[in-house]
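Here is the structure we will look at.
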Amino acid sequence: GNQKATHSENSQGKKCQHAEEAIFYKNCRAAYLTVFKSSLENIKSKEQLSLVLQQAGRNPSQKTINKYWTSQTTSLNFDDFCAILKKEKPATKNELLEAFGKIDTDKAGYILHDELYKILTTRGDKMTWEEVSTITKQADFNCGGKLDYTKFCELYLTTSEQCCKAARDRLEGDPRLRQQQFGNQTENSSEGITLPVSKPSPRISRKADHKLAKGDSRAPSRPSSAQSSKASTSTTVTVGASSSRSTKLIIEPDTMKEWQCAQSKGCFYLEEDGEIISHKYRLHCPQRSAVCITIKPLNIPQAEGKSCPWLSVDTALFILKENETQETLQLVSFTELQNREMFGWRGELGSGVYWLLPFTTGCRLRKVKPQITGEAKLVWRDEDGELALTEEFRAALLDIFETIDLDGNGLLSLEEYNFFELRTSGEKCDQEAWAVCKENFEMKKNELTRQGFMDLNLMEANDRDGDPWDLWVTLLSLGYNKALEMTEACPFVIDICAERCKPRIKAVSLEAGGSQLSRAVCRSVVNKGEAKGLDGSENIIIHTYKSGSRITSVIENKSENKVIIHVNNEQSKNCLNNRGLPVFAVEVAPKSMMVSQHVMPLKEQEEWIYSCVHSLV
């Protein structure tokens, strides 16, 4: 009786989930077809992306748009749009009121128009005077030079829902639109993806030749015991205590003393949705040469004595050769050798331009529930009433300076400072604004000094009369928690030494790895790993590769149909994976490959056993 009741509850739960999913995709289609004639049309610009997101009841900031439309994006399709909506939830009334409440420090329930003009024209996605005037002239929520933000929020949410409803009504009333084959629901679509996507990579235009599919991480559709009759394969790897860190990479042998070197720092940042972004680099080799390339977490001097969780984060670099067009980047190799926390590669590179794509599995750089109850103090007032930065905040700012000073010369160039600005505000500082900085803050050779950087942050505190809200926005976006500990970022340093030439490395962007990196990871595992076919299904191959202290498995689907693969790690010991679940399922499109999981030891000083069963659902 209990089993029947449980089964009934599970069935009801699944039905409810499917119903919610159907409503979600209906809303996606309705919004998309308000802007485009067909769901097979692609989004071709930032403006179109912003417009179609607004039709879906979102109000994206420029920072949000830049997150999904990067310097390498040429188009996004309907599947990408659905994936973005999964991540970008519409604002709730409580969230809107909380945001206004940060401005209304007196809790009066309204904001003076003068204050509103000042904030909306100078901060975040800056509005024009005329745009703000259209808000203040609305009689519904303005009176006597004040904005009643509770009424404004109510009208905003009502208008947003009306917009979505109008789109749904249009879809329902047009048989031609209803009968279309819509991306995610089309069995024979070029992408072959029919389930909601958990980790979109809308960074680079995807081709219809099935080079790579993206996966969906879901709870298993049935208990693991029910998988036994399906095609499956198991893989077991036992690794001794600490042996994972002993793959002997000799970084500086005597023969390299005369080699010419270049260095750049960078950082992995964890986004709100768990996605990881980082700097990307171009490497120029003037002539063919033997080369040694390494990457490791950055040990910040000011952080000594503090907890440094990022030092245990795994790092890697994928080296890709640039041809005539960026779309044809060729995988050269990756840093598979390991010496403690350092990963490296030695080989020969021909003359030309290469891309260096940093990578971390996400096993150790991941979202954790905050254990902090208090909040560090950032500013204080001296006996004269003047604002000053606390010692703890100054130490954190010095750490930040060390991280964003990519070339390590002790100064911030405009280019380096702009990476910081893009991460914290989504905007860039132009030459004119940089000239203003030069007039107000200490600079050397047109680059900002440490003291200048400190004074810049002090000015920001003074601008808000000691309110640390903006300072916290900066800190949280850089991976700090409320105790001023860096828990959601991992700074790193890249070193390149060449025997016959002077290598040059330059950071060119700060964004997610995208499909180029995904393809490189898959290709490296397929090239180097052990391949096993699923028993009873020769078209499904599981590739497994151990590199230093990590194991990666890739699923290759050679069939003409999409497949769902059930992944069970319950027999593994002392392991953690990037998905955060011991049992999950992934969908793989036809004629494609995708990463199943990355696995690392929980405690490196102890033996760990990777034991995984992949089964066809």
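The values are calculated or read from the model by the stated rules, or taken from the named source; none is laboratory data. Everything numeric in this text was worked out from a predicted model, so none of it was measured. Cβ placement follows ideal geometry from the backbone for every residue including glycine, while neighbour counts extend to all protein chains displayed. Areas reflect the complete protein model, heavy atoms only, side chains present, ligands, DNA and RNA absent. Shrake-Rupley method; radii C 1.70, N 1.55, O 1.52, S 1.80 Å.
Miscellaneous remarks
- So residue 115, is it loosely packed, with under 13 Cβ neighbours inside 10 Å and not in a loop (DSSP other than H, G, I, E, B): no
- Residue match in region 412-425 (condition: open to solvent by 50 Å² or more (accessible area, probe 1.4 Å), modelled with pLDDT of 90 or more, under 25 Å from the mean Cα position of the chain (by Cα) and under 21 Å from residue 266 (Cα atoms)): yes
- Test for residue 51: is it among the hydrophobic types (A, V, I, L, M, F, W, C), open to solvent by 10 Å² or more (accessible area, probe 1.4 Å) and either at pLDDT below 85 or under 19 Å from the mean Cα position of the chain (by Cα) (or both): no
- Scanning region 23-48 for residues that are buried (at least 16 other Cβ atoms within 10 Å of the Cβ), in a helix (DSSP H, G or I) and at pLDDT 90 or above gives a single hit, 48.
- The residue list 137, 87 contains one member that is among the basic types (Lys, Arg) and touching a residue at least 40 places away in the same chain (Cβ under 8 Å), which is 87.
- The single residue among 564, 551, 505 that is in contact (Cβ under 8 Å) with a residue 24 or more places away in the chain and open to solvent by less than 10 Å² (accessible area, probe 1.4 Å) turns out to be 551.
- All conditions but one from (1) surrounded by fewer than 18 Cβ atoms within 10 Å (Cβ to Cβ); (2) under 21 Å from the mean Cα position of the chain (by Cα); (3) touching a residue at least 24 places away in the same chain (Cβ under 8 Å) apply to residue 476; the one that does not is (3).
- Which listed residue, of 159, 105, 122, 92, is under 32 Å from the mean Cα position of the chain (by Cα), surrounded by fewer than 12 Cβ atoms within 10 Å (Cβ to Cβ) and closer than 24 Å to residue 463 by Cβ: 122
- Single residue of 508, 586, 567 found to be assigned to a strand (DSSP E or B) and touching a Cys at 6+ places or on another chain (Cβ under 8 Å): 567
- Checking each residue in region 474-505 for being of a type outside the set (Gly, Ala, Ser), more than 24 Å from residue 311 (Cα to Cα) and not in a loop (DSSP other than H, G, I, E, B) picks out only 504.
- Those strands (runs of 3 or more DSSP E) lying entirely in region 347-405 with at least 2 residues farther than 30 Å from residue 506 by Cα: 379-381, 387-389
- Under the condition of being under 35 Å from the mean Cα position of the chain (by Cα) and either at pLDDT 85 or above or surrounded by 13 or more Cβ atoms within 10 Å (Cβ to Cβ) (or both), the residues counted in region 130-142 number 2.
- Subset tally (residues that are without any contact (Cβ under 8 Å) to a residue 60 or more places away in the chain and open to solvent by less than 80 Å² (accessible area, probe 1.4 Å)) for region 372-403: 4
- Checked against (1) open to solvent by 40 Å² or more (accessible area, probe 1.4 Å); (2) under 28 Å from residue 464 (Cβ atoms); (3) among the hydroxyl-bearing types (Ser, Thr, Tyr), residue 74 meets all criteria but (2).
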